[in-house]
Amino acid sequence: MKLVEVFSPPLWILDLKARDKKAAIKEMLQILVTEGHLKGDSAKKAERAVQKREGQGSTAIGKGLAIPHSKECGFIARVLGVFARSREGIPFDAVDGGLVHVLFLVISPEELASEHLDVMKRIARLHMDEKSLRFLEKSEIVDSLQEIFKEVDDNFS
């Protein structure tokens, strides 16, 4: 499953207002409601599922990147995602102790675990490319941000 399919511009938050992990997850899920991908009750279920996963260990993997996620969302039919940035940075219990500036929320039903994992692997590829990660954090040019996703998709094997 390609990043450009999961993280389309209507599902981007380029200036996340949240100042903590819980509020960031909630704000990211809210855009899925706003864009018609989740109903209110489903958003609450998704929030519980993502928070449950966070309780097992932080999804902030260092270098300013977090991937809050859950594949325990049986009430949705496909992999859903939100790309967000925080200018200020969010304390997210990152493995390196740093603040998180780039976030990818990924939720899916269990039966799509392989697609979910594929998306996670593509995001991990971004984690290894510090230049692209910094570009995602700072760039204001939407087309250029989308190009980073396309580049990862094109080079993913």
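Some points to look at:
- Looking across the range 3-38, the residues that are farther than 17 Å from Leu136 by Cα, assigned to a loop (DSSP other than H, G, I, E, B) and in contact with a Phe, Trp or Tyr (Cβ under 9 Å, 6 or more places away or on another chain) come down to Asp20, Leu38.
- Flag for Leu136 being aliphatic (A, V, I, L, M) and in contact with a helix residue (DSSP H, G or I) (Cβ under 8 Å, 6 or more places away or on another chain): yes
- Members of the range 14-37 found to be hydrophobic (A, V, I, L, M, F, W, C), over 18 Å from Val79 (Cβ atoms) and crowded, with 17+ Cβ neighbours inside 10 Å, listed by number: Leu16, Ala18, Ala24
- Failed condition for Val95, given (1) open to solvent by less than 40 Å² (accessible area, probe 1.4 Å); (2) among the β-branched types (Val, Ile, Thr); (3) touching a strand residue (DSSP E or B) at 6+ places or on another chain (Cβ under 6 Å): (1)
- Selection within the range 38-54 - in contact with a helix residue (DSSP H, G or I) (Cβ under 9 Å, 6 or more places away or on another chain) and open to solvent by less than 70 Å² (accessible area, probe 1.4 Å): Leu38, Gly40, Ser42, Ala43, Ala46, Glu47, Val50, Gln51, Glu54
- Within the range 65-86, the set of residues being open to solvent by less than 10 Å² (accessible area, probe 1.4 Å) and either among the acidic types (Asp, Glu) or part of a strand (DSSP E or B) (or both) comprises Leu65, Ala66, Ser70, Leu80, Gly81, Val82, Phe83, Ala84, Arg85, Ser86.
- Residues within the range 112-142 that are among the hydroxyl-bearing types (Ser, Thr, Tyr) and within 16 Å of the chain's Cα centre (by Cα), tallied: 1
- Test: residue in the range 143-156 that is under 17 Å from the mean Cα position of the chain (by Cα), open to solvent by less than 40 Å² (accessible area, probe 1.4 Å), farther than 15 Å from Ile67 by Cα and among the hydroxyl-bearing types (Ser, Thr, Tyr): no
- Candidates Gly62, Gly57, Gly89, filtered to the one that is surrounded by fewer than 21 Cβ atoms within 10 Å (Cβ to Cβ) and either touching a Lys or Arg at 6+ places or on another chain (Cβ under 7 Å) or over 18 Å from Ser132 (Cα atoms) (or both): Gly57
The values are calculated or read from the model by the stated rules, or taken from the named source; none is laboratory data. The shown structure was predicted, so the numbers you read here are calculated from the model rather than taken from an experiment. Neighbour counts are summed over all protein chains in view; Cβ atoms, including those assigned to glycine, are modelled from backbone coordinates with ideal geometry. Side chains included, ligands, DNA and RNA excluded: accessible areas come from the protein's heavy atoms. Shrake-Rupley method; radii C 1.70, N 1.55, O 1.52, S 1.80 Å.
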